[in-house]
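See below for the structure under consideration.
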Amino acid sequence: MMLITERRSPFYPNIQNVPPSVIRKLVKNKEIQLIDIRQPWEYEDHHISGSILLPLDYFEDLFQLMLNKSNIGIICEHANRSTWLVYTKPSLFKEVKVYNMLGGIELWMMMGYEVEKGMDDNGTLWYKLLTKNLR
């Protein structure tokens with residue numbers, strides 16, 4: 001039996017849809033930076049350790065400010081928002097390899113992987129950048 005670990009479109013070669021197990025391995029090996037595109041209240045309720053919150057509403061405005069040219073993982077609760085983002089705004093990701101986590105954080109938790117609760121510096125970075133750029 002063959003295990004499918006990724007799905008890729010020939011139209012977007014730098015975007016891969018992968019399950020939480022692949023994301024977890026990439027995070028543990030420090031090969032990607034996770035970007036959580038949910039709302040702040042969702043992040044505060046539960047988030048993957050080390051992920052940076054960048055709410056979808058502000059993604060286009062702030063992504064380039066947060067981008068450090070490393071590979072990224074885009075995550076949300078069920079993978080609906082992340083899938084919409086990577087396939088409707090592919091021009092944002094021309095310079096990086098993007099991993100879209102299938103099943104979202106919900107599947108991550110169903111697989112028994114660890115999450116954290118509460119707001120941290122990674123959860124407020126987007127707001128600091130936003131208010132700094134509005135001045």
Requested in this report: Roll a 1.4 Å probe over the protein heavy atoms and report the accessible area of Thr83 in Å², nearest 10.
Outcome: 50
Report task. Using a/c under 1.5 as the rounded threshold, could you call the stretch 91-135 rounded, prolate or oblate? The axes a ≥ b ≥ c are square roots of the C-alpha gyration tensor eigenvalues, and prolate needs a/b larger than b/c, oblate otherwise. Result -> oblate
Report summary line: Counting sequence-distant residues (5 or more places) and residues on other chains, those with an amide H built under 5 Å from that of Leu102 are Val18
Query raised in the report: Once you sort the root eigenvalues of the Cα gyration tensor of the chain as a ≥ b ≥ c, which label holds: rounded (a/c under 1.5), prolate (a/b larger than b/c) or oblate (the other case)?
Result: oblate
Requested in this report: Would you mind counting up the charge near Gly118? Only other residues with Cβ under 12 Å from its Cβ, with Lys and Arg at +1 and Asp and Glu at -1.
Outcome: -4
**Report entry** Over the stretch 66-111, equivalent-ellipsoid semi-axes from the Cα gyration tensor in Å
**Finding:** 21, 12, 7
Requested in this report: Give the accessible area for Met110 in Å² (nearest 10); use a 1.4 Å probe, count only protein heavy atoms, and leave out ligands, DNA and RNA.
Outcome: 140
Query - Relative contact order (%) - the chain, alpha-carbon pairs under 8 angstrom, separation at least six - result: 32
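The values are calculated or read from the model by the stated rules, or taken from the named source; none is laboratory data. Nothing here was measured: the structure is a model prediction, and the numbers come from that model. Heads up, the Cβs are rebuilt from the backbone with ideal geometry, glycines too, and the neighbour counts pull from every protein chain shown. What goes into the accessible areas is simple: the full protein's heavy atoms, side chains included, and nothing from ligands, DNA or RNA. Shrake-Rupley method; radii C 1.70, N 1.55, O 1.52, S 1.80 Å.
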